[in-house]
Amino acid sequence: MFEGLKNKLQNIKEKFGHSIKDAAGEAVREEVRPETPTSAHAEVSEPVFEPETPAVEPLPETRAPEPEPVPRTPPPEAPAVPEEEPAVEPKRFGGIVSRVKTLVLERELVISEKDIEEPLFELEMVLLENDVALEVTDAIIGYMREDLVGSHRKLGTPVDEIVMSALRGALLNVLGDGLDLLEYIKVHERPVKILITGVNGTGKTTSIAKMAHYLEANGYSVVLGAGDTFRAGAIDQIVEHGRRLDIKVIKHQEGSDPAAVLYDTVEYAQGHGIDVVLADTAGRFHNRKNLMNQLEKIRRVMKPDLVVYVDEAVAGNDAVVRAKDFNDLVGTDAVMLTKADMDSKGGAAISITQTIGKPILFLGTGQAYSDIVPFRPEAVVDELLGVEE
Ligand SMILES: Nc1nc2c(ncn2[C@@H]2O[C@H](COP(=O)(O)OP(=O)(O)O)[C@@H](O)[C@H]2O)c(=O)[nH]1
Ligand SMILES: [Mg+2]
């Protein structure tokens, strides 16, 4: 799942790392260069003249009864000082250098736009190539820039962590909080009515069967409504899933009013203490107006708690455009993306929530009933960034 994008993100992560490391290297060089003591570094050399260093003793200035114990500029005179102890001199000078280094390394580096310009551009290209929508790509780049540029990083902090945390944050921002269906059901009045919509062939009916299997495995009872009355084959298909899963399916004849079938399904659930209604619909209509009217009527009659729009992850940006269109037209509460097992780009999965403002509920990851994964943004981001569980 999302292998192509995952590999590219690993490369980008390293590029960011190198750029920031290079910038850190420059900072260290700049700070260390004026190691010949100057007034600018008076404070840095301070510890060398601490009382416990006997080599300091002979320096008369250090003992001057001034209020500030630190001499402003120690050594132009230094070479001329005590001939009696020549052996100590190089050691003391080496001490200054090493302390300067230590202090600089503990100082902070401010990351500039220039430091990450190149990897940011590459990240942008990678996201676009992998079908991440333009506005979502812009948002991710924006978050990265906001997080990294101008930020103070301790020079000692491992660069991987800096980059990882910025990328992770940016991706989580566009993925939102997700929606946990089990939690949702727990706190809602029964039956919870879920209407499944979307274009034909994207995997609606299969996804209904998977969801039913998932919900039953988690202790909830389910009834299915054969609301795709457009063709007989669609009714047979959902009835067969019901038979295999041992789950009740409510059906009418081919060509009958889907709103009536789904009304009956809700009634059945109410009468039998069923927890969840999963309602199938047809995705093929003569025109948009027809689709809208049909779904409007279904909504009025069955009053769904959740309208779930199903589309294929493999459709990439097309899925994003369709989801947005569909959401604008009839309204959606959540999205299920099927065929994620066949999608190496992950663009739709990354883009949909930010584009339509609705969470992804599940990913479909294969043809078996168990090939359904609740969409947990943290887990998806860990997977993309190659974080071991
Ligand atoms: N590889 C894969 N195939 C899927 C997935 N979900 C559905 N399919 C296949 O997609 C095809 C269409 O599914 P169907 O449920 O009939 O779509 P519908 O017309 O929207 O109801 C079937 O061959 C399914 O097996 C999935 O997550 N992964
Ligand atoms: Mg179907």
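What does the extension gain come out to for residue 149 and residue 118, with contour length at 0.36 nm per residue minus their alpha carbon separation? If you can, show how the numbers build up before the last one.
Details: separation 31, 0.36 × 31 = 11.16 nm, distance 1.30 nm.
Between residue 149 and residue 118, full extension yields 9.9 nm more.
For residue 316, enumerate residues with amide H under 5 Å from its amide H, sequence gap 5+ or separate chain, H modeled in the peptide plane.
348
Treat each spin label as a single point 7 Å out from the Cα along the C-beta direction, and report the residue 270 to residue 378 distance in nm.
Calculated label separation equals 3.9 nm.
Just want the answer: with Cβ charges of +1 for Lys and Arg and -1 for Asp and Glu, which residue in 208, 326, 269 is farthest toward the dipole's positive end in region 181-385?
Result: 326.
Using Cα centres only, tell me the gap between region 152-181 and region 290-345 in whole Å.
29
May I ask you to evaluate 6.51 cos²θ - 1.76 cosθ + 1.60, the Karplus curve with θ = phi - 60°, for each residue of region 240-256 and list the ³J(HN,Hα) values in order in whole Hz, giving x for glycine and proline?
Those phi angles translate into 5, 4, x, 5, 5, 8, 6, 10, 5, 10, 9, 9, 10, 7, 4, x, 6 Hz.
Any chance you could run the full-extension gain for residue 387 through residue 231? It's 0.36 nm times the residue separation minus the Cα-Cα distance, nm to one decimal.
Value of the extension gain: 51.6 nm.
Mind listing the phi-derived Karplus ³J(HN,Hα) values for region 274-282, rounded to whole Hz, using 6.51, -1.76 and 1.60 with θ = phi - 60°, and x for any glycine or proline?
Karplus-based 3J(HN,Hα) across region 274-282 equals 7, 6, 9, 9, 10, 10, 7, 9, 7 Hz.
If you take every residue apart from residue 220 with its C-beta less than 15 Å away from the C-beta of residue 220, what net charge results, scoring Lys and Arg +1 and Asp and Glu -1?
-2
Per-residue HN-Hα couplings for region 197-214, Karplus 6.51 cos²θ - 1.76 cosθ + 1.60 at θ = phi - 60°, whole Hz, x for Gly and Pro?
10, x, 5, 5, x, 7, x, 4, 5, 4, 5, 4, 4, 5, 4, 4, 4, 5
FYI, it's all coordinate maths here, none of it is from the lab. What you are looking at is a predicted structure, and each value in this text was computed from that prediction instead of being measured. Ideal geometry is used to build each Cβ from the backbone, glycine not excepted, and the neighbour counts take in all protein chains shown.
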